[in-house]
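K.L.:
Quick one: the structure is below, and I'll ask about it shortly.
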Amino acid sequence: MENILNISIHKSTDSRLSEFNLDTSEFGKTPTDHMFIAEYHNKTWSNFRIEPFQPLQLSPFNLSLHYGQTVFEGMKAYRMQDGNISVFRVKKHWERFNKSLKRMAMAEIPFEVFQEGLYAYLTVDSAWVPSVEDSSLYLRPFMIAYEDRVRVKVAEHFLFLIVGSPAKQYYSKPLNLYVETYYSRAASGGTGNAKCGGNYGGAFYPTLLANQKGFDQILWTDAATHQFLEESGTMNVMFIIDNKLVTPALTDSILEGVTRDSIITLANDMGLTVEERKISVNELENLLQNHKVQEAFGAGTAAIVAPIGSITINQTKYSLPNYSDNAIMFQIKKQLNDIRTGKIPDKYQWNDIIHIANQVNS
Ligand SMILES: Cc1ncc(COP(=O)(O)O)c(C=O)c1O
C-alpha cells in the first residue's frame, strides 16, 4: 500500500518476540513491539508515526482520564495459509468506530488513516501474527481525548493509536449466564451501541456480583422494563430454536457486533431461517423449560462463538444440552476461520490482505 500519509517509522531495536510464548500467554497481556499513533489538532489529523510500544505521557489533567472520552475497537488479523495476513472486516470496524466517536463527540477518523495505520503497524509487526491454527493477532485501535483540563468540556484534541496482542485459540468452556433484571448496561438514548470505555466500567460491578454467585457473565436485559434480552458481556447472544437462528434485534442499547453480522450472513447462506427480533425473558424461560433451545451462544471477536452451558432466570438454572462438534455454532465458526485463512473463497470480501509472504523484513 502506498504511504499517502507519510507515516514515519521508528523501529524498536530490541524485539520481545523471541521471549514470547503463545501457549502460556494470557489474552490481551503482551503487546507487540510497535504501535501506530496519529494526533488531531486544529481539526486536522497529522503526525502519523510508528513507534516502539511504550507508555504514553499524559498529564494528570488529561480530559479522558476524568470524563471518559475514550472509544475503542477490537478486531483480528490472521495468518493465511499462503503466509500473507488478512484483517477481518476493516471497513465495518472503521464504520462502527466512527459511529462510536460521533456519539462521544470525538473527532471521526478518515478511512485512509485507519487503514493505512493498520497496514503500517501490521507490516512492521507482521512476525507477531501467529500461524498456529485458530490463533490471531488481536488489534486494538482506540482514541482518547488529548487535552489537559479539569473542567467538564468537550475535547478538541485527540490521540488515535493502534496496538495489538497475539491471541491463541480461544477455548471457551460453556458459559453460565445470569439474566440480570436489576442492573442495566445501557439505556435507550444512552451510549450502549457505542464502543466507549464507560459502558464497560459501568458493567464491572454487576458482573463482579454475578461472578461471586458463580456465574461467568451477565445476560443483560433492556433498562426500561428488564423484560427483553439484549446482549452478554462482550458478545451478542444467539439461539438455535426449531433449527432457526434467533437473536435480539439491534436497538440503540445493543452493540452492533461485526461477528453477529457475519454469522447472520453465513447462516442465511446455509439456508437457516434467521430471526432478528425481540426475545422476552418469559419466552426464553418457556423455551428452556420445554427443552426447545437447541443451542445458545455468544458471538464476538474475542471468542468468535462461545457456547452457553446454562442460563439462570430468577433463581432457576436452566442447563443447555451438551453440544457436539457438529453444532451449528461450530460449523459457522469453522467457516469464518476458513474464510480468514484463505481456505475457502472470501465471497463477501471480508478480508483485507497484507501481502507480506515474500517480503524480506528490513
Ligand atoms: C458489548 C459488546 N457486545 C458485542 C460485542 C461483539 O462485537 P464484535 O463481534 O464486533 O466483536 C462486543 C465486542 O466487541 C462488545 O463489547
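The values are calculated or read from the model by the stated rules, or taken from the named source; none is laboratory data. Bear in mind the structure is a predicted one, so any value in this text is a computation, not a measurement. Virtual Cβ from ideal backbone geometry, glycine too; neighbours counted across all protein chains shown.
K.L.:
On the given criteria, is R140 outside any helix (DSSP H, G or I) and either in contact (Cβ under 8 Å) with a residue 24 or more places away in the chain or surrounded by fewer than 23 Cβ atoms within 10 Å (Cβ to Cβ) (or both)?
P.N.:
Numbers: outside any helix (DSSP H, G or I): yes; either in contact (Cβ under 8 Å) with a residue 24 or more places away in the chain or surrounded by fewer than 23 Cβ atoms within 10 Å (Cβ to Cβ) (or both): yes.
Here the answer is yes, as R140 does meet what is asked.
K.L.:
If only one of I50, I4, I37 is within 22 Å of T123 (Cβ to Cβ), among the aliphatic types (A, V, I, L, M) and surrounded by fewer than 17 Cβ atoms within 10 Å (Cβ to Cβ), which one is it? Give the derivation first.
P.N.:
Working: I50 fails: surrounded by fewer than 17 Cβ atoms within 10 Å (Cβ to Cβ); I37 fails: surrounded by fewer than 17 Cβ atoms within 10 Å (Cβ to Cβ).
The unique qualifying residue is I4.
K.L.:
Right, another one. Name the pairs: first residue in region 334-354 and among the acidic types (D, E), second residue crowded, with 19+ Cβ neighbours inside 10 Å, Cβ to Cβ under 6 Å, at least 6 apart or on different chains?
P.N.:
From region 334-354, the pairs are D346/I339; D352/V87; D352/V90.
K.L.:
Does T234 meet the test of being more than 24 Å from R103 (Cα to Cα) and hydroxyl-bearing (S, T, Y)?
P.N.:
no
K.L.:
Here is a list: I304, I344, I339, I353. Which entry is among the hydrophobic types (A, V, I, L, M, F, W, C), more than 20 Å from the chain's Cα centre (by Cα) and over 15 Å from F239 (Cβ atoms)?
P.N.:
I344
K.L.:
Right, another one. I want to confirm something. Restricting to region 174-196 and keeping residues that are surrounded by fewer than 17 Cβ atoms within 10 Å (Cβ to Cβ) and not hydroxyl-bearing (S, T, Y), which single residue is nearest to the ligand (Cβ to nearest atom)?
P.N.:
Restricting to residues being surrounded by fewer than 17 Cβ atoms within 10 Å (Cβ to Cβ) and not hydroxyl-bearing (S, T, Y), the top hit is A187.
K.L.:
When both residues are 6+ apart or on different chains and their Cβ atoms are under 7 Å apart, which pairs have a first residue that lies in region 13-24 and is on the phi > 0 side of the Ramachandran plot, and a second that is at pLDDT below 95?
P.N.:
none
K.L.:
Ok, one more. Of all residues being small (G, A, S) and free of Cβ contacts under 8 Å to residues at least 60 places away in the same chain in region 211-267, which is farthest from the ligand (Cβ to nearest atom)? Just the residue, please.
P.N.:
Residue satisfying both the conditions and the ranking: G214.
K.L.:
Kindly indicate the residue of region 80-92 that is assigned to a loop (DSSP other than H, G, I, E, B) and touching a helix residue (DSSP H, G or I) at 6+ places or on another chain (Cβ under 9 Å) and also nearest to A167 (Cα to Cα) among those meeting that condition.
P.N.:
Here the residue is M80.
K.L.:
Has region 310-322 got any residue that is within 16 Å of the ligand (Cβ to nearest atom) and touching a residue at least 24 places away in the same chain (Cβ under 8 Å)?
P.N.:
No; the residues of region 310-322 include none that is within 16 Å of the ligand (Cβ to nearest atom) and touching a residue at least 24 places away in the same chain (Cβ under 8 Å).
K.L.:
Here's a follow-up. Restricting to region 230-266, name every residue that is hydrophobic (A, V, I, L, M, F, W, C) and either part of a strand (DSSP E or B) or not assigned by TED's automatic domain parsing to the domain that holds N199 (or both).
P.N.:
Result: M235, V237, M238, F239, I240, I241, L245, V246.
K.L.:
Sticking with this structure for a sec: Of (1) under 21 Å from the mean Cα position of the chain (by Cα); (2) assigned to a loop (DSSP other than H, G, I, E, B); (3) among the β-branched types (V, I, T), V163 satisfies all except one. Which?
P.N.:
Checking V163 against (1) under 21 Å from the mean Cα position of the chain (by Cα); (2) assigned to a loop (DSSP other than H, G, I, E, B); (3) among the β-branched types (V, I, T), the one that fails is (2).
K.L.:
Here is a follow-up. Does V124 fit the bill of being in contact (Cβ under 8 Å) with a residue 24 or more places away in the chain, within 16 Å of the ligand (Cβ to nearest atom) and under 15 Å from T32 (Cβ atoms)?
P.N.:
When the stated conditions are applied, V124 does not pass them.
K.L.:
Take V293 and tell me if it is of a type in the set (V, I, T) and either in the same structural domain as E112 (by TED's automatic domain parsing) or at pLDDT below 95 (or both).
P.N.:
no
K.L.:
Just give me the residues in region 181-229 being part of a loop (DSSP other than H, G, I, E, B), out of contact with any helix residue (DSSP H, G or I) (no Cβ under 9 Å at 6 or more places or on another chain) and not small (G, A, S), in sequence order.
P.N.:
Hits for region 181-229 are K213, D222, T225.
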